[in-house]
Structures are given as structure tokens and as C-alpha cells.
Amino acid sequence: MNLKNWIMIKKMFLGVLALGLMVTSCSDDDDVQIIPDAGVLNGSDFSFTVDGTPDFVTGISTDANAVGTNRTFVITDLDLNILGTPPNIEALEGVNFEAAGRGVCLIWYLRFENDTNIDTVTNANDLTGSFDLSNSIRVERGPNADALTGGPFNFTVDGTPDMVSGIAFENPNNRIGTNATWVITDDTGMILGTPPTLTAVEGVDFDGAGVGVCLIWYLRYENDTNIATVTNANDLTGTFHLSNSITVNRN
């Protein structure tokens, strides 16, 4: 074999070797798995008053080091039911939280791969696939007294003390408002008492009120509310929210 042929064979061998390395390199790139990381969602919690005026969030930003092929914001309630998935910050800032009524929303940032089921689930707890949710930002829309559970109560007026028990909140974290009190009224709304705590409510002897009907309410309110001066709950004014009532029958 002369020198010229040997050089040509050597070049062909090196070319095939280089092509093999390129194919191997491309194959390795295809096998790289992206691990989503939503990072830290920056921004303060928000507190809005439900008063008919549109309420929008501002000043929220995502982590510059977040990783993931796809991205979206996710808005949930406290039970993680998905209320909306704004695709970008502009869409998020266009959401009118006033329209959602009283309660608490959570804003999350989601980075995810194509195998994630965000398009089909209704609760963030049911997300599957390759994804990562950021921390959440809380959006309060109040005041909100939440919903009471317990009762109704049926007592016999016989001189024996009758106290209520087992009253609770449907979702305690939904309660919003600077001030709080319990309100006991008759069935026309006349205020009979305003126990400051649930413990105080459970200390009320309803036997002493005689025959009739009482209603127990929970009130969350701001400083402009006139609870200290009115005698009937129907005359309340200001920024407040009354829960549902629990009935106490005294026979």
C-alpha cells in the first residue's frame, strides 16, 4: 500500500469515527431529562374588600432560575380547587378578584413537562407528571365570616342550665376581617348579646332566656361597622360579614 492510499484510508476512518461520536452525542442529548423547578414566586399577600370595585394583583414576579418546558400560573381556593390558569403575568394581573366574592385564593407558579395533566384536572392535588409548583401568594377577599356548622339546638325551659356545644367553622382559614365577635339575636334580629369568643358562647345559659328562639351568628368586621351601637342586626352598617345562623329553640 502506497502512502497516498494509506492517508486516504486514515481520513475515512477518522471521518466515520467523528460521525459516530456525533450520533452518540445527539442520542445522549435526547435522553436528557428536564426536572422542572418553579423556584420562588415573589410578591406580598393581598387583602381586598368585597365592595363592587375591581381588585387586581400587582408586583408579582417569577424566579429567573425556574426550569421547565411549559409554564403557567395557577389560582386555587384553600382546598386547592383550580379556579383559573392564567398563562402569563399579564393575564394574572388582569384577573378581577372582586368577582370571586368573599374568601381566600392562592396564586401559584407551575413549571411542567408535556406529561403533566394540568389541562384535565380540577384540583392541584391531582396533578401528575413532571412538574413543580412554587410557593403560593394569598389573596384575601373580605370581610368573610365563613360558614358555621353545628346545631340546631332544642332545649326545654325547666330551670336547668342549657349550653350549646360543638359549633365550628366550615373552613377556619377562610375567616377575614380586622375584628370579630359572636352575635346572639332573637328571630327578628334583636341583639341579645355579643360574646367575644366561642368559649363565651358556650358559657351562655339559654335556659335563662325563657321560651323562644335564638340565633347564633359569627361576625367579621372593620372599624367602620356600628356593632357597638345598634340593637338590631338588620341595622348593621359599615364593612362587615355575618355568617349563617345556628338556631337555638327554647321550648
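Each value in this text was obtained by applying a stated rule to the coordinates, not by laboratory testing. Computed from a predicted model, the values in this text were never measured in an experiment. With ideal geometry, Cβ positions are generated from the backbone for all residues, glycine too; neighbour counts draw on all protein chains shown.
Note: relative contact order over the stretch 65-200, using C-alpha pairs below 8 Å and six or more positions apart, is 20 percent.
Here's how it looks for F155: its modeled amide H is under 5 Å from those of N249, R250, N251, which are all 5 or more places away or on a different chain. If the chain linking N173 and T120 were pulled fully straight, counting 0.36 nm for each residue of separation and taking away their Cα-Cα distance, it would gain 16.3 nm.
With K and R counted +1 and D and E -1, the other residues having a Cβ less than 15 Å from that of P54 yield a net charge of -3.
In the chain, the longest principal axis of the Cα atoms and the axis of helix 3-30 are about 10 degrees apart. Relative contact order for the stretch 120-251 using alpha-carbon pairs under 8 Å, separation at least 6, rounded to a whole percent? Relative contact order for the stretch 120-251 comes out at 31 percent. Pairs of Cα atoms nearer than 8 Å and 6+ residues apart set the relative contact order; for the chain it is 17 percent. Each residue of the stretch 83-100 is assigned a 3J(HN,Hα), and the resulting list reads 9, x, 9, x, x, 8, 5, 5, 5, 4, 6, x, 6, 8, 6, 4, 5, 7 Hz, derived from the Karplus form 6.51 cos²θ - 1.76 cosθ + 1.60 (θ = phi - 60°), x at Gly and Pro.
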